[in-house]
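Take a look at the structure set out below.
The values are calculated or read from the model by the stated rules, or taken from the named source; none is laboratory data. Because the structure is a prediction, the values reported are computed rather than measured. As a convention, Cβ positions derive from the backbone with ideal geometry for all residues, glycine included, and neighbour counts pool all protein chains shown.
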Amino acid sequence: MKPFITLIAALSATIIATGAELRLPDIFSDHMVLQQQSKARIWGNAAPGARVEAVGSWAPESPISAKAGKDGRWRLEIPTGEAGFEPQTLRLASGRDTVTISDILIGEVWFASGQSNMEMPLRGFWTQPVEGAAQAIAFSCKYPGIRMATIPKTISYDLQTEVPTEWKISSPENAVNFSATAYFFARNLSDLLNVPVGIICSAYGGSKVEGWLSRERLESYKIWDREAERNNDTMPDYERFNAMYNAMLHPLAGYTIRGFIWNQGESNVGMHDSYHTRLADMVADWRSEWRLGELPFYMVEIPGWMNSLGRRLRCAAQRIAAQGCRHNPVLRHRMHLRPRVPSRSRRYPCLQESRNRRTPRIYGRGKNLPHARNTARISPIQGNDRRRLPSHPDVQRSARRPVAPRGYRRL
């Protein structure tokens, strides 16, 4: 009996190993969104030298194949058609192994990143609510075409090839944990373009721009002692250089997207002399990693309540935006409403719909829209505080100004 049990165990192990040879990263899973009218990249692992074939339900007569290398890795590009809300299926096969990905939508895909202002979910943080969140969450079921893959916060000093995640469909149960900034952005695109929108959200609260830079780029600055930082057990994870790039960005680089949205800067306040250079280098690194050309990069300016150092950092961000507008798409968008919280508490801009109602100009719908740069009149009030009165025509207040929601001050 004992040899029989051993034989069964050996056979089971063989079956499991064989079935696991064709494998894809978690980002390629049910409910995902593929970029429309592109050659969507798919990659994974198979037996060394094995041929992998992929067939999409949107083009069943046009299978695409690739051969795995000696290390078992393979990559292929499958053409996608126009956007649509009809669920599609992608079937991959290698020998006897098959993988089927269901409920795929073809639409627009964006990569969202930054620190806590991007990470902040629709349900908000403790004592820091999101304006209009209750209604947004309640009506999120009306947008099943919005899908989001949220990357868990993790760090590494070595390049990673995979990261755990899954695509979630917009619904009250899922939307509460969606990035509020990314969700409003996606909903805006879905409303105006009438296409599915997928967001890959990879954000880490408190992270600096250096956390999202490549090792090679940081070493060129000659300011970073990698080993010393790596062995520093007292240093907070969110302050570490290169750590988010390795663990939260590199495994996803190459997924076919339309562009990037970025909300970060508070953790770099006081570093305005170098911020514009490092942010520009980060954009260059990311575009190089994706190998999709000069992908559009939209960033949000840090809020205006900060001190003079904060204003200097905002000016540094404007420098890269000004340079980008002349050469490559690097555009900015300013936030309009700030929460009123105790001075010793963490202060977040109130996330709201109006903050993301601008359609990216790459879609050709910006002809009659005001310029992306907002101007503001600043009038002194008590102490060093300032009241920002947006003069942008999109956000002009009526003569009879409404009362601000509890917990927020009126601008």
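Observations, loosely collected:
- Condition check for ALA112: among the small types (Gly, Ala, Ser), closer than 30 Å to SER214 by Cα and touching a Phe, Trp or Tyr at 6+ places or on another chain (Cβ under 9 Å): yes
- Candidate set: segment 89-136, residues that are of a type in the set (Val, Ile, Thr) and surrounded by fewer than 22 Cβ atoms within 10 Å (Cβ to Cβ); chosen: the one nearest to the chain's Cα centre (by Cα): ILE101
- Checklist (1) modelled with pLDDT of 95 or more; (2) under 22 Å from GLY254 (Cα atoms) applied to PRO63, failing item: (1)
- Any hit, segment 289-297, residues being free of Cβ contacts under 8 Å to residues at least 40 places away in the same chain, basic (Lys, Arg) and either buried (at least 17 other Cβ atoms within 10 Å of the Cβ) or out of contact with any Leu (no Cβ under 6 Å at 6 or more places or on another chain) (or both): yes
- Lone unmet requirement of (1) modelled with pLDDT of 95 or more; (2) out of contact with any helix residue (DSSP H, G or I) (no Cβ under 8 Å at 6 or more places or on another chain); (3) over 27 Å from VAL33 (Cα atoms) for ASP233: (1)
- Scanning segment 19-62 for residues that are small (Gly, Ala, Ser) and over 29 Å from the mean Cα position of the chain (by Cα) yields a count of 6.
- LEU218 buried (at least 17 other Cβ atoms within 10 Å of the Cβ), among the aliphatic types (A, V, I, L, M), without any contact (Cβ under 8 Å) to a residue 40 or more places away in the chain and farther than 23 Å from TYR183 by Cα: yes
- Boolean, ARG96 is under 25 Å from GLU53 (Cα atoms), touching a helix residue (DSSP H, G or I) at 6+ places or on another chain (Cβ under 9 Å) and not small (Gly, Ala, Ser): yes
- Between SER220, SER207, SER214, the distinction of being touching a strand residue (DSSP E or B) at 6+ places or on another chain (Cβ under 9 Å) and not aromatic (Phe, Trp, Tyr) belongs to SER207 only.
- Qualifying positions in segment 22-41 - assigned to a strand (DSSP E or B) and under 15 Å from GLY69 (Cα atoms): ARG23
- Flag for LEU90 being out of contact with any His (no Cβ under 6 Å at 6 or more places or on another chain), part of a strand (DSSP E or B) and not charged (D, E, K, R): yes
- Check on LYS67, surrounded by fewer than 15 Cβ atoms within 10 Å (Cβ to Cβ) and over 19 Å from HIS31 (Cβ atoms): yes
- Residues being more than 13 Å from the chain's Cα centre (by Cα), in a loop (DSSP other than H, G, I, E, B) and farther than 25 Å from ARG73 by Cα - total across segment 243-279: 4
- Residue list for segment 43-62, filter: more than 12 Å from THR80 (Cα to Cα) and not polar (S, T, N, Q): TRP43, GLY44, ALA46, ALA47, PRO48, GLY49, ALA50, ARG51, VAL52, GLU53, ALA54, GLU61
- Any hit, segment 194-214, residues being of a type in the set (S, T, N, Q), out of contact with any Cys (no Cβ under 8 Å at 6 or more places or on another chain) and in a helix (DSSP H, G or I): no
- First in segment 55-79 and over 18 Å from VAL33 (Cα atoms), second anywhere and polar (S, T, N, Q) and surrounded by 14 or more Cβ atoms within 10 Å (Cβ to Cβ), Cβ under 7 Å, 6 or more apart: GLY72/ASN45; ARG73/ASN45
- Candidates GLY259, GLY310, GLY304 - the one that is within 23 Å of SER179 (Cα to Cα), among the small types (Gly, Ala, Ser) and at pLDDT below 85: GLY304
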